[in-house]
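To keep things clear, I will list the structure first and then write my remarks on it.
The values are calculated or read from the model by the stated rules, or taken from the named source; none is laboratory data. In this text the structure is predicted, and so the values were computed from the model without any measurement. Reconstructed Cβ throughout: ideal geometry from the backbone, glycine too, with neighbour counts over all protein chains shown.
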Amino acid sequence: MAMPRTEVVEDRFDGIDLWSSVDALAALADGQIRGAMSVRAAIPALAAAAEQAADRLSKGGRLVYFGAGSSGLLALVDALEIPQTFSIPQGQILVLMAGGMAMTETLTGGPEDVAELGVADIESAKLGPNDCVVAASASGSTPYTVAGLEAARKTGASTVAIACNASAPLFAHADIAVFLDSGPEVLAGSTRMGAGTAQKAAFNMLSTMIAIRLGHVVDGMMVNVRADNAKLRGRAARIISRIAKVDDAAAIGALDAAEGEVKPAILIAAGATSLATAGALLAKHSGNLRAALSALAKSRIA
């Protein structure tokens, strides 16, 4: 395989170690901006990946993030936030990373070169057709990630590959290939920079779109947020107030009646007679708040 673009040394950065800090930081900022902008061209692939993952999660399957090094750490950050932000059950989110959680304390490169570790980690997850595996590698050639995704595909799980090189071997094992053309790095090979920014944006967009498709977002608000601190409780009350069109006191009362769960609280504030009634409405409409609100409004008119 030709040298990955993320490893290319560009002449325009010759002498960067002698530049002023302002000029060097400007170059680094431009690299970050390019990384973020590269996600735009990948939107169709990310949309397909989100639809695929949402379908699997709606059937009780799991979203499995899979990677090594910086890619694995970025995946971990996104995965940790999904349950709190959207109340998707922790058991439906899994992160498999070369070297395991020990990498969060001391990041070493060795495990990512061992293809067998990737296969073993995939096998330990006991994947099935309702799972969706999202594998990320800036180069797209990391042995751990490539071998693991190949093993994942054989289980019948849906597979998504995210990489920053067009000829990435990782793409060969993916149902959906997400190419992030972040280009050469200002510091050749330092893929925590431009490529890392591109991958972080892709992870954030993917998980948010999954939540939207699962009905956890209404009018730009996180209606399934887990309100487990003062800031989030205040946000939840504002969401309830805005959607149900009630004052702050009524919103807080509904949140208390719903035991801190935002979706049923909105339904209670909108007229559902009890937490049980709100829960039944949500269950009938597969957790889709907008559909449940519409049904509630029709029942009150009738």
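A Cβ distance below 6 Å, combined with a sequence gap of six or more or placement on separate chains, defines the contacts here; from segment 27-55, residues that are more than 30 Å from S286 (Cα to Cα) and not assigned by TED's automatic domain parsing to the domain that holds F86 reach no residue that is crowded, with 17+ Cβ neighbours inside 10 Å and among the polar types (S, T, N, Q). Filtering V8, V22 for residues that are more than 26 Å from the chain's Cα centre (by Cα), among the hydrophobic types (A, V, I, L, M, F, W, C) and surrounded by fewer than 12 Cβ atoms within 10 Å (Cβ to Cβ) leaves a single hit, V22. Checking the stated criteria, S70 turns out not to satisfy the condition of being among the hydroxyl-bearing types (S, T, Y) and more than 30 Å from R153 (Cβ to Cβ). Residues in segment 80-118 that are loosely packed, with under 13 Cβ neighbours inside 10 Å and among the small types (G, A, S) were compared, and the one that is nearest to L232 (Cα to Cα) is G91. When you look at T273, is it without any contact (Cβ under 8 Å) to a residue 12 or more places away in the chain, part of a loop (DSSP other than H, G, I, E, B) and over 19 Å from S87 (Cα atoms), yes or no? Judged against the criteria, T273 is a match. When you scan segment 226-245, do you find a residue that is part of a loop (DSSP other than H, G, I, E, B), in contact with a Lys or Arg (Cβ under 6 Å, 6 or more places away or on another chain) and either at pLDDT below 95 or farther than 18 Å from A98 by Cβ (or both), even just one? Yes, there is a match, as at least one residue in segment 226-245 is part of a loop (DSSP other than H, G, I, E, B), in contact with a Lys or Arg (Cβ under 6 Å, 6 or more places away or on another chain) and either at pLDDT below 95 or farther than 18 Å from A98 by Cβ (or both).
If I filter segment 172-192 for residues that are among the β-branched types (V, I, T) and more than 17 Å from the chain's Cα centre (by Cα), do I get at least one hit?
Yes, that holds for at least one residue.
Could you go through segment 193-200 and let me know if any residue there is assigned by TED's automatic domain parsing to the domain that holds G109, assigned to a helix (DSSP H, G or I) and of a type in the set (V, I, T). Scanning segment 193-200 turns up at least one residue that is assigned by TED's automatic domain parsing to the domain that holds G109, assigned to a helix (DSSP H, G or I) and of a type in the set (V, I, T).
Within segment 1-55, the residues that satisfy the criterion of being farther than 30 Å from A174 by Cα and of a type in the set (A, V, I, L, M, F, W, C) are F13, I16, L18, W19, V22, A24, L25, A26, A27, L28, A29. Of the residues A198, A188, the single one that is surrounded by fewer than 17 Cβ atoms within 10 Å (Cβ to Cβ), under 30 Å from R5 (Cβ atoms) and touching a Ser or Thr at 6+ places or on another chain (Cβ under 9 Å) is A188. For segment 84-143, the set of residues classified as among the aliphatic types (A, V, I, L, M), within 22 Å of S58 (Cα to Cα) and not in a helix (DSSP H, G or I) consists of I88, I93, L94, V95, L96, L127, V133, V134, A135, listed by residue number.
Filtering segment 38-54 to residues that are part of a helix (DSSP H, G or I) and surrounded by 15 or more Cβ atoms within 10 Å (Cβ to Cβ) leaves S38, V39, A45, L46, A47, A48, A49, A50, Q52, A53, A54.
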